[in-house]
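Have a look at the structure below, then the notes.
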Amino acid sequence: MLFAIIQWVYKTISKIFNLVYSNLIKNNYHSKIWREDTRIILKKSNKLNYSISKIYKIIMLLNCLNKVAEKIIAVQLSYTAEINDKLLNFDQMKGRKQRSAIDAVLNLVHDVQMMKSWENTLICLLLDVKEVFDHIALKQLIKILIRLKISVNLINWVKCFLQNWIIALAFDDERQKSKKISTEISQDSFISLILFLIYIWYLFSKIRAKFKNLQSLSYIDDVMLYIKERNIDKNVKILKNAAKFAFTWIENYYNSSLHLFFI
């Protein structure tokens, strides 16, 4: 019903609609109405134990004008990432144009085959960033955006977008009273992926700076560190030290808001 009303308004006053909508984004404002959503909790079928939280799936009902605004900003940040090599990790295979999970696998297979032909070894360490979208600290994200010299307009929009969300949960035909939360970044959001990838960029730069022979490959929150040398014991030691460094650095830099786990 709401979408039909928006369509009717757009057809009636399209010029005014475009002017107002574009000015909201240009002036770094994300409407409070767009920061309200209902989340429907659905049970996954054919499960034995429904006391486990992962058995449930959450569907977000977002305002369509919110989705369009998010998409516009996400495209702007993605474009900035393509022309600024300091914005995202070079070996990140998601959130970049013409890169996918297939590219990540092909990249690894290529390196393995090269090492085999040279009679060298390749040893890798697989890591996972725990519940990534639930652990992004707004203040830290803003500091990173400023340090990476993102435009003031984009930073102010992100700051507005991530604050003062109002959500309501619906489960078994019952809807809870709406509740205000201070910071919100959802995995289903258009903007969430690019913001997270920017958020963890410094982790890779620090690892590469300290361990020159170490390479990294990542797909969203799945991270692989690997090294290509003949000496297996030496490789294992380097990976062990790199993992220890990564855990310690994340704990200090992100103030415990992110957590790494071995896969």
Can you pull out the residues in segment 205-229 that are modelled with pLDDT of 80 or more and surrounded by fewer than 16 Cβ atoms within 10 Å (Cβ to Cβ)? Ser205, Lys206, Ala209, Lys210, Lys212, Asn213
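Here's the yes/no breakdown for (1) assigned to a strand (DSSP E or B); (2) within 22 Å of Asp37 (Cβ to Cβ); (3) of a type in the set (Gly, Ala, Ser):
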{"residue": "Ile142", "(1), (2), (3)": "no, no, no"}
{"residue": "Leu193", "(1), (2), (3)": "no, yes, no"}
{"residue": "Leu203", "(1), (2), (3)": "no, no, no"}
{"residue": "Leu217", "(1), (2), (3)": "yes, no, no"}
{"residue": "Leu225", "(1), (2), (3)": "yes, no, no"}
{"residue": "Lys228", "(1), (2), (3)": "yes, no, no"}
{"residue": "Lys240", "(1), (2), (3)": "no, no, no"}
Tell me whether segment 202-211 contains one or more residues that are within 20 Å of the chain's Cα centre (by Cα) and β-branched (Val, Ile, Thr). yes
Check whether at least one residue in segment 14-25 is part of a helix (DSSP H, G or I), within 26 Å of Ile166 (Cα to Cα) and in contact with a Phe, Trp or Tyr (Cβ under 8 Å, 6 or more places away or on another chain), and report yes or no. yes
Please determine, by comparing only the residues of segment 46-105 that are closer than 30 Å to Asn153 by Cα, open to solvent by 50 Å² or more (accessible area, probe 1.4 Å) and touching a strand residue (DSSP E or B) at 6+ places or on another chain (Cβ under 6 Å), which one is modelled with the lowest pLDDT. Lys94
Quick test for you: out of Lys15, Lys43, Lys26, Lys32, pick the one residue that is surrounded by fewer than 11 Cβ atoms within 10 Å (Cβ to Cβ) and in contact (Cβ under 8 Å) with a residue 12 or more places away in the chain. Lys26
Pick from segment 161-190 the residues that are under 22 Å from the mean Cα position of the chain (by Cα), modelled with pLDDT under 85 and open to solvent by 70 Å² or more (accessible area, probe 1.4 Å): which of them is farthest from Leu42 (Cα to Cα)? Ser182
Across segment 1-12, what is the total count of residues that are without any contact (Cβ under 8 Å) to a residue 40 or more places away in the chain and exposed (fewer than 13 other Cβ atoms within 10 Å of the Cβ)? 8
Output the residues belonging to segment 53-90 that are more than 15 Å from the chain's Cα centre (by Cα) and in a loop (DSSP other than H, G, I, E, B). Leu62, Asn63, Asn84, Asp85, Lys86, Phe90
Can you say whether Ala137 is out of contact with any Cys (no Cβ under 9 Å at 6 or more places or on another chain), surrounded by 15 or more Cβ atoms within 10 Å (Cβ to Cβ), modelled with pLDDT of 75 or more and among the hydrophobic types (A, V, I, L, M, F, W, C), as far as the supplied structure shows? yes
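The values are calculated or read from the model by the stated rules, or taken from the named source; none is laboratory data. Since the model is a prediction, treat every value here as computed from it, not as a measurement. Ideal geometry is used to build each Cβ from the backbone, glycine not excepted, and the neighbour counts take in all protein chains shown. Areas reflect the complete protein model, heavy atoms only, side chains present, ligands, DNA and RNA absent. Shrake-Rupley method; radii C 1.70, N 1.55, O 1.52, S 1.80 Å.
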